[in-house]
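Enquirer: Structure in structure tokens, see below.
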Amino acid sequence: MELNDSTTDNLILKLFDAGAVKFGEFTLKSGIKSPVYFDLRVMVSYPEIMKEVSEVLWNIAEKMDAKFDSICGVPYTALPIATLMSVEHRKPMLIRRKEAKDYGTAKMIEGHFEKGDKCLVVEDIVTSGSSIFETSESLVAVGLKVTDAVVLLDRCQGGSARLQQHGINTESAFTIRKVLDVLVQHEKIKLPMKREVEEFIDGNQFESKSIFTPRKITPEVLTYAERAKLCKNPVARKLLNLIEEKQTNLAFAADVTDAEEFLKLADVLGPHICIFKTHIDILKNFSSDVVTKLKALAVKHRYLIFEDRKFADIGGTVKHQYRAGVHKIVEWADIVNAHPVPGHGVVEGLKEAASGKQRGCLLIAEMSSKGNLATGQYTAAAVKMAEEMSDFVIGFISQSAVSAKPYMIHMTPGVKLVPGSGTLGQQYVTPQQAIVEKGSDIIIVGRDIYEASNRVGAAANYKKVGYQAYCARMFRRKDKD
Ligand code: S5P
């Protein structure tokens with residue numbers, strides 16, 4: 001939706017003269033080298049330009065016939081623009097925090113609104129669409145509706161189309177192609193430069209089918225230790241801290257049936273793991289002595305014990321299953337897990353049984369096995385349930401980062417160095433796929449370690465590869481320039 005030509009041309013020239021458009025060789029945040037760079041932040045030094053931009057964007061919103069109750073600028077560049085639009089047209093504004101200091105309690109959205117209100121998102125540039133999407137996600141998370149966004153400049157790299165797929169109609173004042181035309185016409189740049197930028201745009205398109213994951217909002221850029229500070233549950237805190245201290249995000253799945261072998265593994269693998277995951281009911285020679293020894297080894301090597309019991313009954317039953325019977329799981333396992341299928345009661349029952357102890361629970365939001373039913377709405381419902389009970393639920397068994405809350409820990413089973421299928425429907429991804437691509441936090445590895453000829457060597461390698469994947473994720477830049 002371009003404005004009339006002389007207004008647009010003038011504005012482009014003013015922005016160019018203000019140094020908001022630069023040509024040369026620039027490394028974008030994504031690491032990609034670009035022949036052009038827009039720095040619209042300089043606008044704050046030119047009140048007339050700011051005023052004009054805010055008017056232009058307001059007019060676009062009117063032309064779009066976008067009905068909205070409030071305006072929210074994507075932090076930071078668009079904040080003053082949204083402010084001017086708000087003040088000039090008496091439309092309330094909302095502020096989305098960029099960094100919430102304490103995600104447990106802090107509000108991500110400041111300002112008054114009613115659930116169901118529509119909010120217009122304002123942004124300076126759309127490249128991949130991820131910034132507008134992130135802001136929209138935060139607004140939607142508190143009950144607002146976002147269907148429209150206005151931006152000054154569209155870099156023509158596919159961002160608007162991606163946003164459209166997520167139900168956000170994005171209109172811009174002008175495109176990068178228009179900027180090039182105007183600058184050539186006014187002899188600010190030469191034709192070869194225009195061609196170079198056009199080639200860059202054509203060669204750097206964001207795939208329209210790619211899915212934004214909400215996870216990009218925060219945990220990806222927070223360390224395990226930083227996230228530990230945001231946890232209400234002491235087990236989650238302890239786990240995130242020890243991962244960082246021991247530099248391992250490896251959970252070992254101790255799926256062996258002999259107690260002696262089980263304890264030997266708990267000792268020799270200890271230095272390499274953050275979690276020793278058990279299926280205590282598969283031990284053919286279980287005795288309470290086994291768990292006493294296991295607890296001592298967990299203290300010696302500083303890891304947590306996770307009994308992978310997958311509770312899935314009504315609250316009253318799981319309470320007994322957790323604390324009674326032969327295994328008395330609540331006495332020794334720091335972490336247990338549950339299927340959300342029975343509803344909140346399953347978590348409430350477990351929580352009651354754990355009362356007075358430092359314990360945490362994971363919900364099974366996704367599974368690794370072929371044809372499993374934990375997908376789509378079921379996964380979304382698991383996330384909602386977990387977030388509502390986050391004093392006791394510390395995270396998920398999942399194949400990806402299903403929650404954007406940084407205090408939620410994601411553990412992924414079905415991990416091998418070589419991806420593919422295992423026996424009886426098990427499916428495998430690599431540590432890199434789990435941690436970097438899917439945004440998970442902990443890899444769970446079983447047979448690739450206990451079936452290895454050198455089990456300690458295999459665990460040490462998974463420790464290294466898993467932690468390197470986390471480091472790679474930390475240093476990966478977001479794709480907005
Ligand atoms: O979806 C799941 C959930 C779990 S907890 N898929 C899984 O494989 N698991 C568990 O992870 C499974 O019970 C086993 O203990 C471990 C995977 O073992 P591996 O030998 O295939 O690495």
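Read the figures in this text as sums done on the coordinates, not as results from a lab. Model, not experiment: these values are computed from the prediction. Glycine gets a Cβ as well: all are built from the backbone with ideal geometry, and neighbour counts include every protein chain shown.
Enquirer: Could you tell me which of rounded, prolate or oblate describes the chain, using a ≥ b ≥ c as the square roots of the eigenvalues of the alpha-carbon gyration tensor, with rounded for a/c under 1.5 and, failing that, prolate when a/b is larger than b/c and oblate otherwise?
Expert: Judged from the Cα gyration tensor, the chain comes out prolate (a/c at least 1.5, a/b above b/c).
Enquirer: Could you order peptides 86-94, 231-239, 12-20, 371-379 by the average number of other Cβ atoms within 10 Å of their residues, highest first?
Expert: Values: 86-94: 15.3, 231-239: 20.3, 12-20: 17.6, 371-379: 12.8.
Answer by packing, highest mean first, reads 231-239, 12-20, 86-94, 371-379.
Enquirer: Rank-order 249-256, 160-167 by packing density, defined as the average count of other C-beta atoms within 10 Å over each peptide's residues, highest first.
Expert: Peptide ranking by packing, descending: 249-256, 160-167.
Enquirer: Here is a further query. Pairs Lys284/Lys464; Lys229/Lys310; Lys370/Lys416; Lys145/Lys178; Lys229/Lys405; Lys67/Lys91: which exceed 23 Å Cα-Cα? Don't skip to the answer; put the middle values down first.
Expert: Values: Lys284/Lys464 33 Å; Lys229/Lys310 28 Å; Lys370/Lys416 16 Å; Lys145/Lys178 31 Å; Lys229/Lys405 13 Å; Lys67/Lys91 11 Å.
Lys284/Lys464; Lys229/Lys310; Lys145/Lys178, as the Cα separations exceed 23 Å there.
Enquirer: Here's a follow-up. Compute the acute angle (0 to 90°) between the alpha-carbon long axis of helix 78-89 and the principal axis of greatest extent of the alpha-carbon atoms of the chain; round to the nearest 10°.
Expert: Once rounded, one gets 60 degrees.
Enquirer: Could you tell me which of the pairs Lys115/Lys351; Lys238/Lys277; Lys293/Lys384 are separated by over 28 angstrom between their Cα atoms in the structure shown?
Expert: Numbers: Lys115/Lys351 31 Å; Lys238/Lys277 16 Å; Lys293/Lys384 37 Å.
Beyond 28 Å between Cα atoms: Lys115/Lys351; Lys293/Lys384.
Enquirer: Does the stretch 412-480 classify as rounded, prolate or oblate by the C-alpha gyration tensor (a ≥ b ≥ c root eigenvalues; a/c under 1.5 gives rounded; else a/b over b/c gives prolate, otherwise oblate)?
Expert: Values: a/c = 3.15, a/b = 1.55, b/c = 2.04.
Cα axes put the stretch 412-480 in the oblate bin.
Enquirer: As I understand it, the dipole of the stretch 5-203 uses +1 on the Cβ of Lys and Arg and -1 on the Cβ of Asp and Glu, about the Cα centre. Which of His186, Val142, Val53 lies farthest toward its positive end?
Expert: In the stretch 5-203, that residue is Val142.
Enquirer: Identify, among Val336, Leu269, Gly325, the residue whose Cα sits farthest towards the positive end of the charge dipole of the stretch 263-338, taking +1 on the Cβ of Lys and Arg and -1 on the Cβ of Asp and Glu, with the dipole about the Cα centre.
Expert: Working it through, the farthest residue towards the positive pole turns out to be Leu269.
Enquirer: Next up: Report the relative contact order of the chain, percent, no decimals, based on alpha-carbon pairs under 8 angstrom and at least 6 residues apart. Don't jump to the answer; show the numbers that get you there.
Expert: Values: 915 pairs, mean separation 58.6, N = 481.
Answer for the chain is 12 percent.
Enquirer: Please give the charge dipole size of the stretch 5-203, origin at the Cα centre, charges +1 on K and R Cβ atoms and -1 on D and E Cβ atoms. Round to the nearest 20 debye.
Expert: Details: 26 positive and 30 negative charges, 81 e Å.
In total the dipole reaches around 380 debye.
Enquirer: Just how large is the dipole of the chain about the Cα centre, in debye to the nearest 20, putting +1 at every Lys and Arg Cβ and -1 at every Asp and Glu Cβ?
Expert: On the way: 64 positive and 60 negative charges, 301 e Å.
The calculated dipole for the chain is roughly 1440 debye.
Enquirer: As a test of the formula, what do you get for the chain when each DSSP H run with n ≥ 4 contributes -39,500 (n - 2.57) and the sum is divided by the residue count, at 222 nm and rounded to the nearest 500 deg cm²/dmol? Show your work: numbers first, answer last.
Expert: On the way: 17 runs with 188 residues, N = 481.
Helix-only estimate at 222 nm: -12000 deg cm²/dmol.
Enquirer: If you don't mind, another one. Would you mind classifying the stretch 224-474 by shape? Square roots of the alpha carbon gyration tensor eigenvalues, ordered a ≥ b ≥ c; an a/c under 1.5 is rounded, otherwise it is prolate if a/b is larger than b/c and oblate if not.
Expert: Working: a/c = 1.31, a/b = 1.07, b/c = 1.23.
Here the stretch 224-474 falls in the rounded category.
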